[in-house]
Amino acid sequence: MALRLWASSAANALKLSGARAAAPSYSISRFFSTVHDGLSYTTSHEWLKDHGDGVVSVGITDHAQSHLGEVVFVELPEPGATVAAGGSFGNVESVKATSDVNSPVSGEVVEVNSKLSETPGLINSSPYEEGWMIKVKPSSPAEGLLDAAKYTKHCEEEDAH
């Protein structure tokens, strides 16, 4: 009985109830991975944030960083480089593996997160805020992206296999 109460209290404190978390800007999915509403996602675990000013930010999802483990190195393109939707623009090296990062949109890289060269772990600690990777001026609208609910379902189905 005490163990059940402790587990219930711990789950409540960690907001593991499956209901929406208190903050309306995100929801919690399985395994503590956070998926933010208002972002778009790819099935290869990149996210895109439209700033509404003709520029989008791109990074890898919390789900992706949690599967990679501790990120130790990030390779990114230079500003001015061209990226293609679905094409690799860099890679992330972790203690487990090196993974390509694909662009969810085609366009020109206008800014690179230079903090990642000194502190690649920002991808682990803050994948949606401090751990963004590139900013792109899209040459065409992004297509085939998932919203938060569809991306969460995709991750759950992928993890089930």
Being modelled with pLDDT of 95 or more, within 20 Å of the chain's Cα centre (by Cα) and under 15 Å from Met133 (Cα atoms) is true for just one of Glu93, Glu70. Which residue is that?
Glu93
Can you tell me which residue in segment 13-52 is nearest to Ser88 (Cα to Cα), limited to those that are in a loop (DSSP other than H, G, I, E, B) and at pLDDT 95 or above?
Ser44
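Sort out which residues of segment 36-67 are of a type in the set (A, V, I, L, M, F, W, C), touching a Ser or Thr at 6+ places or on another chain (Cβ under 7 Å) and either farther than 17 Å from Lys153 by Cβ or surrounded by fewer than 23 Cβ atoms within 10 Å (Cβ to Cβ) (or both), and write them in order of number.
Leu48, Val58
Return the residues of segment 103-135 that are part of a strand (DSSP E or B) and either under 14 Å from Gly86 (Cα atoms) or more than 17 Å from the chain's Cα centre (by Cα) (or both); say none if nothing qualifies.
Residues satisfying the conditions are Ser103, Gly107, Glu108, Val109, Val110, Glu111.
Which is out of contact with any Gly (no Cβ under 8 Å at 6 or more places or on another chain) and in contact (Cβ under 8 Å) with a residue 60 or more places away in the chain, of Glu156, Glu93, Glu143?
On inspection, the qualifying residue turns out to be Glu156.
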Unique residue being surrounded by 17 or more Cβ atoms within 10 Å (Cβ to Cβ) and touching a helix residue (DSSP H, G or I) at 6+ places or on another chain (Cβ under 8 Å) when the list is Pro138, Pro127
Pro127
Can you go through Val112, Val56, Val71, Val92 and tell me which one is closer than 22 Å to Thr34 by Cβ, in contact with a Leu (Cβ under 6 Å, 6 or more places away or on another chain) and of a type outside the set (Gly, Ala, Ser)?
Val56
Tally of residues being of a type in the set (A, V, I, L, M) and either part of a loop (DSSP other than H, G, I, E, B) or in contact with a His (Cβ under 8 Å, 6 or more places away or on another chain) (or both) across segment 142-161
4
Are there any pairs, at least 6 apart or on different chains, whose C-beta atoms fall under 9 Å, with the first in segment 50-69 and within 14 Å of Val105 (Cα to Cα) and the second of a type in the set (Asp, Glu) and assigned to a helix (DSSP H, G or I), and if so, which?
none
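The values are calculated or read from the model by the stated rules, or taken from the named source; none is laboratory data. Keep in mind the model is a prediction, meaning the values are calculated, not measured. Glycine also receives a Cβ, built like all others from the backbone with ideal geometry; neighbour counts cover every protein chain displayed.
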